[in-house]
1. Which one of these is surrounded by fewer than 24 Cβ atoms within 10 Å (Cβ to Cβ) and assigned by TED's automatic domain parsing to the domain that holds A:V165: A:H291, A:H246?
2. Answer yes or no: is there a residue in region C:324-331 that is under 34 Å from the mean Cα position of the chain (by Cα) and either farther than 19 Å from C:T254 by Cβ or at pLDDT 85 or above (or both).
3. Which ranges mark the strands (runs of 3 or more DSSP E) fully within region C:169-229 that have 3 or more residues being crowded, with 24+ Cβ neighbours inside 10 Å and touching a residue at least 12 places away in the same chain (Cβ under 8 Å)?
4. So which residues in region C:258-288 are over 15 Å from the mean Cα position of the chain (by Cα) and of a type outside the set (A, V, I, L, M, F, W, C)?
5. Out of the residues in region C:37-52 that are closer than 19 Å to C:I15 by Cβ and under 30 Å from the mean Cα position of the chain (by Cα), which is surrounded by the fewest Cβ atoms within 10 Å (Cβ to Cβ)?
6. Condition first: in a loop (DSSP other than H, G, I, E, B) and more than 23 Å from A:S278 (Cβ to Cβ). Now tell me which residues in region C:230-252 satisfy that.
7. Scanning for something assigned by TED's automatic domain parsing to the domain that holds C:D228, of a type in the set (A, V, I, L, M), within 18 Å of C:I216 (Cα to Cα) and not in a strand (DSSP E or B), does region C:260-280 turn up at least one residue?
8. What about B:A121, is it surrounded by fewer than 14 Cβ atoms within 10 Å (Cβ to Cβ), more than 11 Å from chain A (Cβ to nearest Cβ) and touching a Ser or Thr at 6+ places or on another chain (Cβ under 7 Å)?
Amino acid sequence: MSNASFTLSELGQRIDAKVVGDPAMVISGLATLQTASEGHLAFLANPAYSRFLASTKAAAVILTEADSKTFLGACLVHSNPYLAYAELSMLWSPFNKPSNAVAATYIDPAASIHDTAVIGAGAHISAGVVVESGVAIADGVRIGPNCCLGRDSVVGANTHLYAGVTLYHGVSIGADCILHSGVVVGSDGFGFAPSAEGWVKIAQLGGVIIEDNVEIGANTTIDRGALDNTVIRKGVILDNQIQVAHNVVIGENTAIAACSAIAGSTTIGKNCIVGGASGIAGHLNIVDGVHITAMTMVIKSLNEPGVYSSGTGVQPNAKWKKSIARLRQLDKMAARLKTLEQRVEHNTSGIQQDKQS
Amino acid sequence: MSNASFTLSELGQRIDAKVVGDPAMVISGLATLQTASEGHLAFLANPAYSRFLASTKAAAVILTEADSKTFLGACLVHSNPYLAYAELSMLWSPFNKPSNAVAATYIDPAASIHDTAVIGAGAHISAGVVVESGVAIADGVRIGPNCCLGRDSVVGANTHLYAGVTLYHGVSIGADCILHSGVVVGSDGFGFAPSAEGWVKIAQLGGVIIEDNVEIGANTTIDRGALDNTVIRKGVILDNQIQVAHNVVIGENTAIAACSAIAGSTTIGKNCIVGGASGIAGHLNIVDGVHITAMTMVIKSLNEPGVYSSGTGVQPNAKWKKSIARLRQLDKMAARLKTLEQRVEHNTSGIQQDKQS
Amino acid sequence: MSNASFTLSELGQRIDAKVVGDPAMVISGLATLQTASEGHLAFLANPAYSRFLASTKAAAVILTEADSKTFLGACLVHSNPYLAYAELSMLWSPFNKPSNAVAATYIDPAASIHDTAVIGAGAHISAGVVVESGVAIADGVRIGPNCCLGRDSVVGANTHLYAGVTLYHGVSIGADCILHSGVVVGSDGFGFAPSAEGWVKIAQLGGVIIEDNVEIGANTTIDRGALDNTVIRKGVILDNQIQVAHNVVIGENTAIAACSAIAGSTTIGKNCIVGGASGIAGHLNIVDGVHITAMTMVIKSLNEPGVYSSGTGVQPNAKWKKSIARLRQLDKMAARLKTLEQRVEHNTSGIQQDKQS
């Protein structure tokens, strides 16, 4: 956390919150209710944590109107404390820039920049960066150490590439994006034709389009398209170690958690949420507003919004072994059940007949 | 896609296809039937797309003899259009080299090459590359920016390492391989002996042998062997983010899709296909010709060729919860079924006896 | 394997083993029983391999007292041959350093070191390394090529970062750690607040604390905390491609196999073992001594030590399809079973009444 500090009044103005308590109080950082100490601003977004409110050492707390009524200390009253916390958090980010500052362009002497590359005003290019021919880097872009920007790739304004990001040739990244370390964009899709002599590689001739305001987590990989492009629409957030195969399209504001894999040519709609370590097979269509829980195996298109799941969930090993054994006996159990139904049907009929006779 | 262009006749000759239409027609790129425009060559490999044939704007289409009979436009007639497309695709790759060209050796001044390293004719070493002592780089090798080749590693002729590949010491890569960005070859296997004071590391003293014509996807990791080598046989294709543990052996022409993990000392045969996000436990043997579908959990050796699967597949969350609850009741259900069978057996017998008495 | 060689007597002394055979015998390497040749020391740790003992070409073998009694060749007798092998293996590691050697500090001219960074005695900084402001590198640290150490990060004594490791700003790594290539420590946790305009990023203001003697496998990612720290306790071993989300805490000597993912704010106890490709949901608590088998989906806290599992395990595809179809019919099967029980109950009662009447 940076060393910035603000008055409670300043913070209240930023999030349009009512200030309760001394407006001149100095806030030097953010913290949870449990770990806050002197000078910290905390927040209460989840009722499960309300038990920590009475004893918090925070100087002030972001609260809803309702919660503020029973709280005796200083607070910022806001309809959505979690969103308010998110908005204020950026003030303490070490990468926060004053919005009206125009930084000087910096190109480290240990970067290798091709003569034909174009670098915008206020860009920051770190040591070890390699920028190939025809690259266009817009204003205010930050490129961390040892990144590689392949031929004719494009990076939009104020986008931040952390250390060790690789963009292949002809990849396009929008404005205000964040790509974390180890991200690879534009590697070849997994396309091969079988032949009698083995696999014949299909040149991957498409590109990757990443629109504005996308965040991509560490070591995530996004393959280039075979002929058309792989596309990540604006506002998408991707966590770490996600695999996006060739010709996938991910709709606006969709969020995908870590270690998920999306196979080739699948389209995911807008405003979807994909839980961690999920797998989505290729050539499927997932409509807008689908929520897939963690570790789900998606092997068919999902044509209706809603929550979807798969998997069996953890059990003690001994019970699990029994469950699995039973699962494999299910076919036989179903047959036994049917036999029994027929016998009971027959017996009952028999008994009825006996009685009637 | 590069700006190359060819006549229809030239393309037909390359794939040994019959040319229907103007042999002098100029083809400037490849496209799908749906997205093709002027000057594009398209192909029809999958009957699901034949509905796009009549309305395609492609200048020409690669078709089977049968499909060509009903098509009115120009075409290249080939017994395997998908393979023909694969073979032609490479003509538009930006990395395509004229087969008879001898490129000059290039070593970027911002590369660090140890005096004892040997670099072949026509090799291209980019900025930021670090080549340690005793490394041998064969003719025509391309090393992208910021790669690291550890001590005594070997790279075969015409192999291409994209930016940011790491080879540990003593690793051997064959000829005509492609390693995508973020690949790590030769990291330590996960070998530790338990002791009263915690885990004791076992030095990983084996190497990694990757044979010719292997492609390895972005951010895939291949560990070195504990004592013997980890081995990837010729023609193997590995997608992104695959984990190959120490002492694994993968047979010729086996294809493994993204995010799969193969645990230590497992042997996979030739011509296998492993679907994405599958896991294969350690010390197993998978014979030639096994096909494992995506997200399968392989916890025993597979001794017969064939198709194998596991997992439960996606359901709406509410139905999934019921399925899982029922799965856990299966043991009780089985017991109830048995009781019922005994009662019905008894009752029926009883009834029979009643009747007989 | 390095070219070191030792007498059998020297090796015996190092592991406190009884020497049987010529103490002056020269041992030039380690090998398995099956692959050993002249000059090799092998070991027998797993009874499954005892069949190779009689025919091994090893010069000597590490054996238990019991196994040594029937063996005619030279041996080192030790209560725990696997641990003894682990301890001796390090003698042949190419990175093994004589314990009393004080190496000269080396900083490659192609490294970029900020003026304010502090570098300890005997540190080795390779080409292409970028060390930002305020970084503290302790004595004996090895930093491989193209690593990046972000602002104010700290690396403890004798820790080894292989090529291409990225530490974000303010990350702390302990002493005697090993971080393999492609590891990313301190990337932003996946924290966003939903709003009407899309996701609002929450600045990740916590750090990462990695204690002493931790090993982290290739391409593993460890996110920084949102407000508090992500913590990896001493002696933890993490395999390749593991994802550790923000605010996770992993207890001492816990081992996690490749491709596992641990979601945010989950706490894992001491001495746990997590099998490969497992997923652990967020905000859970796993107590000390839990063993989770490979590919398990952990969606609840585990409050008792023991072995836990999930998943259905591989089947031939045709049988799998039946199992899955039956699993989805389970709810109906349960209803049919209940109906049948009621009918049989009723019939039996009816029969009893008939008999009594």
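The values are calculated or read from the model by the stated rules, or taken from the named source; none is laboratory data. Predicted, not measured: the structure shown is a model, and the values here were computed from it. As a convention, Cβ positions derive from the backbone with ideal geometry for all residues, glycine included, and neighbour counts pool all protein chains shown.
1. Exactly one of A:H291, A:H246 is surrounded by fewer than 24 Cβ atoms within 10 Å (Cβ to Cβ) and assigned by TED's automatic domain parsing to the domain that holds A:V165, namely A:H291.
2. For region C:324-331, residues under 34 Å from the mean Cα position of the chain (by Cα) and either farther than 19 Å from C:T254 by Cβ or at pLDDT 85 or above (or both): present.
3. Of the strands (runs of 3 or more DSSP E) lying wholly inside region C:169-229, those with at least 3 residues that are crowded, with 24+ Cβ neighbours inside 10 Å and touching a residue at least 12 places away in the same chain (Cβ under 8 Å) span C:184-187, C:221-223.
4. Residues satisfying the conditions are C:G264, C:S265, C:T266, C:T267, C:G282, C:H283, C:N285, C:D288.
5. C:N46
6. Correct list: C:R233, C:K234, C:G235, C:V236, C:G251, C:E252.
7. There is at least one residue in region C:260-280 that is assigned by TED's automatic domain parsing to the domain that holds C:D228, of a type in the set (A, V, I, L, M), within 18 Å of C:I216 (Cα to Cα) and not in a strand (DSSP E or B).
8. Details: surrounded by fewer than 14 Cβ atoms within 10 Å (Cβ to Cβ): yes; more than 11 Å from chain A (Cβ to nearest Cβ): yes; touching a Ser or Thr at 6+ places or on another chain (Cβ under 7 Å): yes.
Answer is yes for this residue.
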